[in-house]
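Note sheet for the following structure.
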Amino acid sequence: MSVKLAGDLQSGNVVIVEGNPLVVLKAQYNKSGRNAAVVKLRMKNLLTGRVSETVVKADEKMEQIILDKKECTYSYSAPPVHVFVDGDYNQYEIDAETMADVEKYLMPEMTDVVEVTFYESKPISVVFPKVIIREVEYTEPVTRGDTSGKITKAAVLKHSKYELQVSAFVEIGDKIEIDTETGEFRRRC
């Protein structure tokens with residue numbers, strides 16, 4: 001652990017607040033007039049997934065920690081956990097509840113390499129690559145004559161039943177690229 005001033009925090013830093021590891025999602029420095037400089041922090045609790053905002057003085061000292069990370073692949077689901085395997089065939093169980101926002105990208109025999117983050121030797125989160133490729137299981141056909149502007153329609157991904165908006169030219173069985181940070185369609189493969 002090291003100590004860092006709140007004014008020096010950046011997105012992605014992990015700090016300990018009241019015994020909980022919090023990742024900084026956004027740090028906004030503000031100095032106005034005679035008032036002391038403050039930093040508005042938007043942080044996510046890595047154990048519960050809860051997002052919170054707080055304002056602290058820029059010269060406040062915070063404990064920063066560096067978390068262990070390993071590249072793993074998805075193995076299988078054993079509710080209420082998902083099991084990931086690293087290159088040495090060590091298995092790590094992660095609660096489905098803590099990865100609710102990325103669970104929609106899981107699928108059997110998935111080849112994507114994910115990054116599993118550990119806190120005190122316990123796996124706490126999974127980060128997918130920025131771009132993943134998934135197959136469209138169902139989407140409506142294009143409506144004839146609907147050619148004005150950027151036309152999108154709903155599509156359902158194979159295995160996950162996750163629904164997202166795709167371009168009008170995407171059809172059933174097409175493979176598409178998805179931005180995992182925004183959850184949006186990027187392009188057809």
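For Tyr76, the residues whose modelled amide H falls within less than 5 Å of its own, excluding neighbours fewer than 5 places apart on the same chain, are Val83. Computed from backbone phi with θ = phi - 60° and the Karplus coefficients 6.51, -1.76 and 1.60, the 3J(HN,Hα) list for segment 62-79 is 10, 7, 9, 10, 9, 8, 6, 9, 9, 7, 9, 10, 6, 9, 6, 9, 9, x Hz; x is used for glycine and proline. Summary: within the chain, the longest segment free of chymotrypsin sites (Phe, Trp or Tyr not before Pro) located in DSSP loops with at most 10 other C-beta atoms within 10 Å is 1-88. Once the Cβ-Cβ distance between Val51 and Arg187 is put in as r, and R0 is 30 Å, what FRET efficiency do you end up with, to the nearest 0.05? Approximately 0.50, to the nearest 0.05.
On a straight-distance basis, which aspartates and glutamates could pair with Lys122 in a cross-link, Cα separation under 13 angstrom, same-chain partners fewer than 8 positions away excluded? Reachable aspartates and glutamates: Asp68, Glu93, Asp95.
Would you mind classifying segment 1-87 by shape? Square roots of the alpha carbon gyration tensor eigenvalues, ordered a ≥ b ≥ c; an a/c under 1.5 is rounded, otherwise it is prolate if a/b is larger than b/c and oblate if not.
Taking the square roots of the gyration eigenvalues as a ≥ b ≥ c, segment 1-87 is prolate.
Backbone geometry of segment 155-167 corresponds, through the Karplus equation with coefficients 6.51, -1.76 and 1.60 at θ = phi - 60°, to 3J(HN,Hα) couplings of 9, 10, 7, 5, 6, 8, 6, 6, 10, 9, 8, 10, 5 Hz, x marking Gly and Pro.
Extension gain, Ile66 to Tyr138: 0.36 nm times the residue separation minus the Cα-Cα distance gives 21.7 nm.
Per-residue SASA remark: Lys175, around 110 Å² accessible (1.4 Å probe; ligands, DNA and RNA not included).
Summary value for segment 60-111: 30 percent relative contact order, contacts being C-alpha pairs under 8 angstrom separated by 6+ residues.
Scalar couplings 3J(HN,Hα) for segment 29-37, obtained by applying the Karplus form with A = 6.51, B = -1.76, C = 1.60 to θ = phi - 60°, are 7, 9, 10, 10, x, 7, 5, 5, 5 Hz; x denotes Gly and Pro.
Indicate the gyration tensor shape class of the chain (rounded, prolate or oblate), computed on the Cα atoms with a ≥ b ≥ c the square roots of the eigenvalues: a/c under 1.5 is rounded; otherwise a/b larger than b/c is prolate and the rest oblate. Note, shape of the chain comes out oblate. Between Tyr162 and Leu157, the built amide H atoms are under 5 Å apart, and every one of these is 5 or more places off in sequence or on another chain.
Near the amide H of Thr180, within less than 5 Å, lie the amide hydrogens of Val131, Ile132, all on another chain or at least 5 residues away, with H placed in the peptide plane. Can you give the net charge of the other residues whose Cβ lies under 14 Å from the Cβ of Thr54, counting K and R as +1 and D and E as -1? For residues surrounding Thr54, the net value is +3. Computed over segment 132-188, the convex hull of the alpha-carbon atoms projects to a mean area of 3.7 nm².
The values are calculated or read from the model by the stated rules, or taken from the named source; none is laboratory data. Since the structure is predicted, the reported quantities are computational estimates derived from the model, not experimental observations. Don't worry about glycine lacking a Cβ; one is built from the backbone with ideal geometry, like all the others, and counts go over all protein chains shown. Accessible surface areas use protein heavy atoms only, side chains included; no ligands, DNA or RNA. Shrake-Rupley method; radii C 1.70, N 1.55, O 1.52, S 1.80 Å.
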